[in-house]
1. Provide a single number: the residues in region 3-41 that are in a helix (DSSP H, G or I) and aliphatic (A, V, I, L, M).
2. Kindly evaluate Tyr57 against the criterion of being of a type outside the set (A, V, I, L, M, F, W, C), farther than 19 Å from Ile149 by Cβ and crowded, with 17+ Cβ neighbours inside 10 Å.
3. Can you tell me which residue within region 51-68, out of those that are touching a helix residue (DSSP H, G or I) at 6+ places or on another chain (Cβ under 6 Å) and either among the basic types (Lys, Arg) or in a helix (DSSP H, G or I) (or both), is farthest from Lys156 (Cα to Cα)?
4. Among the numbered conditions (1) modelled with pLDDT of 75 or more; (2) surrounded by fewer than 17 Cβ atoms within 10 Å (Cβ to Cβ), tell me where Asp164 comes up short.
5. Quick test for you: out of Ile66, Ile18, pick the one residue that is in contact with a strand residue (DSSP E or B) (Cβ under 7 Å, 6 or more places away or on another chain), open to solvent by 30 Å² or more (accessible area, probe 1.4 Å) and farther than 19 Å from Ser145 by Cα.
6. Within region 38-45, is even one residue within 18 Å of Ala6 (Cα to Cα) and either modelled with pLDDT under 90 or in contact with a Lys or Arg (Cβ under 9 Å, 6 or more places away or on another chain) (or both)?
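The values are calculated or read from the model by the stated rules, or taken from the named source; none is laboratory data. Everything numeric here is computed off the predicted structure, so don't read it as measured data. When we count neighbours, we look across all protein chains shown, and the Cβ atoms used for this are built from the backbone with ideal geometry, even at glycine. With ligands, DNA and RNA removed, areas are computed over all heavy atoms of the protein, side chains included. Shrake-Rupley method; radii C 1.70, N 1.55, O 1.52, S 1.80 Å.
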Amino acid sequence: FSEPVAPVKLNIPDYLEIIKKPMDLGTVRTHLDNGTITNPEEFKTNVVLTFDNAMRYNPSNHDVHIMAKTLKELFFQKWSSSEATIMEKWKIEKSGGDASGGPSEPSIGKRLHDADFSDDRPMTYEEKRELSQNMNKLPGKKLGSVVQIIHDRNHKVLQPNPDDNEEIEIDIDKIDDATLRFLDNFVKEALAKKKKKTA
């Protein structure tokens, strides 16, 4: 889902005959960064199109179809619970202001584009355990950002929960060290801001 489907490379010559408007999350992120996507509804439409395309092309019992369905359901859950806030923030930012009265926080797409992944020191078991525990303390919006970061870096790490198709499991041991270090900083920063707000 993170990059355009390559029909020749994947040996699926009929892909563009079935899928009339290809889309992927990498392209969505690029469109966000360069301003092609101008409002939340366009963002939602393109994300959903990514998953719908995967479900349309692949049979219902295929892993790609199952993952697309799971991610689409998760996206709608997060979107429905945050849509009012997202729209309000967009209206404020469009008018040149900011909901908090301060500088607006860069999007995850922008942060990843500018991110430094040079710190690839291996994490110890204790560090991974602490990161996992801290991730579970994050509010829904920030946890969604963590999922997006992991997906953009290596989507194969995300797997549907066999006991609950609406949940996604993250195998932290399969995440590369550079991404783990970035996540560790991201999560600690998010928790520090959360603590500051509640203090």
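1. Of region 3-41, the ones in a helix (DSSP H, G or I) are 15-18, 25-34, 40-41.
With the extra rule that they be aliphatic (A, V, I, L, M), the set shrinks to 16, 18, 25, 28, 32.
Number of matching residues: 5.
2. Working: of a type outside the set (A, V, I, L, M, F, W, C): yes; farther than 19 Å from Ile149 by Cβ: yes; crowded, with 17+ Cβ neighbours inside 10 Å: yes.
Here the answer is yes, as Tyr57 does meet what is asked.
3. By that ranking, first place goes to Tyr57.
4. Single failed check for Asp164: (1).
5. Details: Ile18 fails: in contact with a strand residue (DSSP E or B) (Cβ under 7 Å, 6 or more places away or on another chain).
Matching residue, one of Ile66, Ile18: Ile66.
6. To start, the set of residues in region 38-45 that are within 18 Å of Ala6 (Cα to Cα) comprises none.
No, every residue in region 38-45 fails to be within 18 Å of Ala6 (Cα to Cα) and either modelled with pLDDT under 90 or in contact with a Lys or Arg (Cβ under 9 Å, 6 or more places away or on another chain) (or both).
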